[in-house]
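Have a look at the structure below, then the notes.
Just so you know, all these numbers are worked out from the coordinates, no wet-lab data involved. The model shown is predicted, which means the values in this text are computed figures rather than measured ones. Cβ atoms come from the backbone with ideal geometry, glycine included; neighbour counts cover every protein chain shown.
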Amino acid sequence: MTTDRPVALVTGASSGIGKETALALVVAGFNVVGTSRGTSRVTPLDGMTFLGLDVASDASVAATVQEVSERFGRIDVLINNAGVGSMWAAEETSVEQARPLFDTNVFGVMRMVNEVLPHMRAQRRGRIINISSVLGFLPQPYMAAYAASKHAIEGYTESLDHEIRDHGVRALIIEPAYTRTGFEANSAKPDTPCTRTRSSGRPSTA
Ligand SMILES: NC(=O)c1ccc[n+]([C@@H]2O[C@H](COP(=O)([O-])OP(=O)(O)OC[C@H]3O[C@@H](n4cnc5c(N)ncnc54)[C@H](OP(=O)(O)O)[C@@H]3O)[C@@H](O)[C@H]2O)c1
């Protein structure tokens, strides 16, 4: 099927910034496809299609993008919003714990871009919007792994934009500051907590 209305694909549209973005795109006249890892627990929103997606899985990303392409015949806007946080001292984060964070925040974006970009290049139009953070350009103590993942997205997106603009496709980043969502509650706890503390209660290496 091919639709006359532009199609927007929003990852992580079950809550927070992604949900509000998806709703705004519906109001703006887009066919909106929102995604979640748990579509059964998502209340369907008017004017929006919900599909299952885990951006940390190659197979899930490939299947979802193919389904959008087959159902709608076009993908005009990709919003890479899905993300997770880390709120602990740098030394409390093992590499094992940082790996899934990067798998979602960084490699999840790359997986989505690699699947969607061929469709946009064939159309000779499209917008890729990656949700970064102010922590994509600022440091933030006790959020080092998360800030590193968002810094990575900034370099990736700005480089990508130079590669694809001749094909009619542009990539850009959005850098929200603190926004009240479930983000903090959804952040994982440190897997190697420090035992010594300063008077502030923060972990200390001193
Ligand atoms: N809140 C803030 O202060 C703030 C500030 C700057 C930037 N941001 C960024 O804004 C984006 C949205 O965060 P939020 O604040 O709206 O938090 P949120 O309410 O926790 O939303 C995160 C979304 O990401 C999805 N998600 C997480 N892991 C996923 C995975 N592996 N595959 C697919 N979807 C996944 C979740 O969907 P399911 O659980 O349903 O799959 C959820 O819809 C994130 O990229 C975050 O880094 C947030």
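Thinking of region 7-186 as a set of Cα atoms, what percent of all their pairs are more than 27 Å apart?
Numbers: 3686 of 16110 pairs.
Result for the distance tail: 23 percent.
Look at 14, 40, 60 and count the other Cβ atoms within 10 Å of each Cβ; fewest to most, that gives 40, 60, 14.
Applying 1/(1 + (r/R0)^6) with R0 = 35 Å to the Cβ-Cβ distance of residue 178 and residue 4, what FRET efficiency is obtained, to the nearest 0.05? Display every interim value, and only then the final one.
Working: r = 39 Å, r/R0 = 1.11.
Calculated value: 0.35.
Under the classification rounded if a/c is under 1.5, otherwise prolate if a/b is larger than b/c and oblate if not, where does region 74-140 fall, given a ≥ b ≥ c as square roots of the Cα gyration tensor eigenvalues? Prolate, because a/c is 1.5 or more and a/b exceeds b/c.
If each residue of separation counts as 0.36 nm, what is the full-extension length gain between residue 58 and residue 121 once their alpha-carbon separation is subtracted? List each step's numbers first, then the result.
Values: separation 63, 0.36 × 63 = 22.68 nm, distance 2.05 nm.
Additional length available on full extension: 20.6 nm.
Listing 15, 69 from fewest to most neighbouring C-beta atoms within 10 Å gives 15, 69. Can you compute the label reach from residue 137? Point 7 Å from Cα along the Cβ direction, backbone N cut-off under 14 Å, restricted to region 160-176. Flagged as within label range: 172-176.
Within 10 Å, count the other beta carbons around each residue, average over each peptide in 150-156, 176-182, and list them highest first.
Numbers: 150-156: 18.3, 176-182: 10.6.
Listed from highest to lowest mean packing, they are 150-156, 176-182.
With neighbour counts taken as other beta-carbon atoms within 10 Å, the residues 119, 167 rank, fewest first, as 167, 119. The protection proxy used here, the mean number of other Cβ atoms lying within 10 Å of each residue, ranks peptides 186-194, 106-114, 24-32 as follows, highest first: 106-114, 24-32, 186-194.
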